Amino acid sequence: MPGPEVGFGKRWWPSLTALQPVETRRVCEAVDKFLNDPDHPSLNLHPVHATGARGLHSFRARVELRVLLHKRGNTYLILEAGHHDDVYARAERMAFVDNPHTGFIGVIEP
């Protein structure tokens, strides 16, 4: 079975560089694991249950670190990484939008 199709959102790199170096390394290791096996049990990939979070998912990089992404089929857009509570608080405020008429694909925060 082919691996996932993966892209990175514009907030990915700023979110990664905002972490401590050891946290950045742990997130990168988790992303590498995700790229090889998105269903790996240690990642605990699951939907985010928040208003407007249609398609938003997260996976675990460590107990305190999460990676937020959008999932559609076998295609993933990795949005950002951060501390557990911060990632879920942002997910509460955001919505993923894809408009085939304008070509816009991304996250909006009201």
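If I model region 10-67 as equal point scatterers sitting on the Cα atoms and use the Debye formula, what is log10 I(q)/I(0) at q = 0.31 Å⁻¹?
The computed values of log10 I(q)/I(0) come out as -1.25.
Treating only the Cβ atoms of Lys and Arg (+1) and Asp and Glu (-1) as charged, compute the dipole magnitude of the chain about its Cα centre; round to the nearest 20 debye.
Roughly 60 debye, rounded to the nearest 20.
Asp86 versus His46, label points 7 Å from Cα toward the beta carbon: distance in nm?
Result for the modelled spin labels: 2.2 nm.
With springs connecting C-alpha atoms under 10 Å apart, model the chain as a Gaussian network and identify which of Leu65, Leu35, Leu77 has the largest mean-square fluctuation.
Most flexible of the set in this elastic network: Leu35.
Counting only Cα atoms, I'd like the Rg/Rh figure for the chain, Kirkwood definition for Rh.
0.94
Using a 1.4 Å probe on the protein chains only, how many percent of the accessible area of region 1-93 belongs to carbon and sulfur?
55 percent
Taking a probe of 1.4 Å, how large is the accessible area per residue of the chain, in Å²?
Computed with neighbouring chains in place, this is 59 Å² per residue.
The values are calculated or read from the model by the stated rules, or taken from the named source; none is laboratory data. Worth saying up front: this structure is predicted, and the values here are computed from it rather than measured. Backbone-built Cβ (ideal geometry, glycine too); neighbour counts: all protein chains shown. Side chains included, ligands, DNA and RNA excluded: accessible areas come from the protein's heavy atoms. Shrake-Rupley method; radii C 1.70, N 1.55, O 1.52, S 1.80 Å.
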